[in-house]
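The values are calculated or read from the model by the stated rules, or taken from the named source; none is laboratory data. Here the structure is a predicted model, which is why all the values come from computation and not from measurement. We place every Cβ from the backbone using ideal geometry, glycine too, and count neighbours over all the protein chains shown. Accessible surface areas use protein heavy atoms only, side chains included; no ligands, DNA or RNA. Shrake-Rupley method; radii C 1.70, N 1.55, O 1.52, S 1.80 Å.
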Amino acid sequence: MIKRIIRFAAAAVLLTAQSAWGQTSSIQGSVVEAGDGSPIPNAVVLSAGSGSVLGSTDGQGKFSVRAAEGSALKFRAPGYSEATAPARDGMRVALRAEVTELDEIVVVGFGTQKKSNVTGSIAQVKAKDLENMSLFRVEQALQGRTAGVQITQNSGQPGAGSVVRIRGTASINGSDPLYVVDGVVIGGGIDYLNPNDIETIEVLKDAASAAIYGARGANGVIIVTTKSGKGAGGQMNVSVSAYQGIQNPWRKVSTLNATEYATLQNEMAGAAGQAIPYLNPRALGEGTDWQDAVFNRNAPVQSLDVSMSQSSKEGSYFASVGRYRQEGIVAPGRSNFERISARLNTTNQVHRAIKVGMSTAFTHNTSQSVAENTEFGSPLG
C-alpha cells in the first residue's frame, strides 16, 4: 500500500513538471536588418527543436507566435543569414544580409537562357569596343573579336563586302548568316548600315540560341541593335566623329624591266631554235613601270558622322547623318565608293503603359569599280 502511494506521488510530480515545461504563451517580437534596422517582412519563425513553422512576420517585420518561454526559435528570410534566439516577449532579432551571386541571364530571341549555357555560343560586340576605329562595314566590327566566326575579304575593291561564315559551309544553297536589325529580319546583307549607328552586335552561333528563328537561322544569326536616345534630365548630346587617311600598296612585286624582258625573250627564242637576236634589248631601255601606272600611291579615305540624342520621361530620339568616301588604289580616279546615310530612332511614351517607337534609315551608295579577279580583263592582269 505504501509503495503504491509513493509511485502515485512520483507520477503526479512528473506530470506536473511536464505540464509546467510544455506550457506555451504568446511571444511577440520583431525581425529587422542588422545594418540599418529596417523591418524584414515575410521572415519565417520556426521551432529550433522540432523545426516546425510557428509563424511569419508581417509588412512591418512584427510577429506573434505561441512558444514556451526560453525555448529556442529560428528566424529565416530570403537573402539573409539564419539566426537563433531564446523566446521572450518583446524580443528583437537582427538578421544580416547574405550576398549571393545570381545566375546571369541572356536574352535570346524572344526567350531567356542562363549565361552559363550559352557563354560559348553567343558573342557580343558593343559600341565602346568600336570607338576610335576606322570602319566602313559592319563585318569589320566582328573581325578578330568573335571566336568561331570566319570573316574573309575577297577583294580590295572600295566598298567591297566580306564573306561571313559562322557555322562553316552549311548548304549548297547558301551559307550566309541571317541578319536581324532592331528586331527586323534583313535580306541581302547589311551594307547599308553605318557602323557609327550601332549600339551592339550579337552573334548566335549554335542551334539552341538561334532556334527561335527556325530554318532561317541554320547558318547562324547576327543581331544588330542601333543606338537610341540617351541623356540625363532631357539634356541633348551631340557627337561628331571624323577621320581622314590615305591608302597605298605596302609593297610592289619585283618584275623585269624592258631590257631584261627582251633578253629573256631572246634566250627563249634561242632555246626554241629560232634566229637570234629576236629582239634588240638595247633599243628598249628601262621601259614603263606598269605598277606605278596602275597603282594610286595615295588613295584618300574620308569619314564624317554627326549624331544627336536626347532622352526624357516623355520619350527619346537618336538622329545621325554620315558620309563615307573611299578611293581605290588601283587605276587612279577609276575606282571609288561613297555612302551617304541618315537615321532617326524615336520613342514616345504616349501612356504609362504604352510606348510607341519608330526606326527610319536612309542610305545612298554609289560605286565605280574596275574588273577584278580575272586573268586578262583586270588592270593587274
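Quick grid of which residues meet (1) within 36 Å of the chain's Cα centre (by Cα); (2) assigned to a loop (DSSP other than H, G, I, E, B); (3) modelled with pLDDT under 90; (4) closer than 15 Å to residue 37 by Cα:
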position	(1), (2), (3), (4)
59	no, yes, yes, yes
64	no, no, no, no
88	no, yes, no, no
113	yes, no, yes, no
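Figure legend. Inter-residue proximity from region 181-194: first residues under 17 Å from residue 358 (Cα atoms) and outside any strand (DSSP E or B), second residues at pLDDT 85 or above and of a type in the set (Gly, Ala, Ser), beta-carbon distance below 6 Å, spacing 6+ or different chains. Indicated pairs: 182/359.
Picking from residues in region 298-340 that are touching an Asp or Glu at 6+ places or on another chain (Cβ under 9 Å) and free of Cβ contacts under 8 Å to residues at least 40 places away in the same chain, the one that is nearest to residue 159 (Cα to Cα) is 325. Taken together, 276, 246 contain a single residue that is closer than 25 Å to residue 298 by Cβ and either assigned to a helix (DSSP H, G or I) or among the aliphatic types (A, V, I, L, M) (or both), which is 246.
Residue count for region 284-306 under the criterion of being open to solvent by 40 Å² or more (accessible area, probe 1.4 Å), more than 27 Å from residue 322 (Cα to Cα) and of a type in the set (Val, Ile, Thr): the result is 1.
Looking at region 37-54, can you tell me whether even one residue there is within 48 Å of the chain's Cα centre (by Cα), surrounded by fewer than 19 Cβ atoms within 10 Å (Cβ to Cβ), touching a residue at least 40 places away in the same chain (Cβ under 8 Å) and not in a strand (DSSP E or B)? For region 37-54, residues within 48 Å of the chain's Cα centre (by Cα), surrounded by fewer than 19 Cβ atoms within 10 Å (Cβ to Cβ), touching a residue at least 40 places away in the same chain (Cβ under 8 Å) and not in a strand (DSSP E or B): present.
For region 341-381, a residue qualifies if it is open to solvent by 60 Å² or more (accessible area, probe 1.4 Å), closer than 30 Å to residue 154 by Cα and touching an Asp or Glu at 6+ places or on another chain (Cβ under 6 Å), and exactly one does: 381.
Looking only at residues of region 249-273 that are assigned to a helix (DSSP H, G or I) and among the hydrophobic types (A, V, I, L, M, F, W, C), we find that the one that is nearest to the chain's Cα centre (by Cα) is 258. Of the residues making up region 214-222, one or more are surrounded by 10 or more Cβ atoms within 10 Å (Cβ to Cβ) and modelled with pLDDT of 85 or more. Condition check: β-branched (Val, Ile, Thr), at pLDDT 70 or above, closer than 30 Å to residue 199 by Cα and surrounded by 13 or more Cβ atoms within 10 Å (Cβ to Cβ). Does residue 125 satisfy that? The answer is yes for residue 125.
Scoring residue 334 on the criteria (1) modelled with pLDDT of 85 or more; (2) exposed (fewer than 15 other Cβ atoms within 10 Å of the Cβ); (3) closer than 18 Å to residue 297 by Cα leaves a single failure, condition (1). Tell me whether region 242-259 contains one or more residues that are open to solvent by less than 80 Å² (accessible area, probe 1.4 Å), touching a Leu at 6+ places or on another chain (Cβ under 7 Å) and over 30 Å from residue 127 (Cα atoms). Yes: one or more hits. Only one entry in 302, 349 is of a type outside the set (A, V, I, L, M), on the phi < 0 side of the Ramachandran plot and modelled with pLDDT of 90 or more, namely 302.
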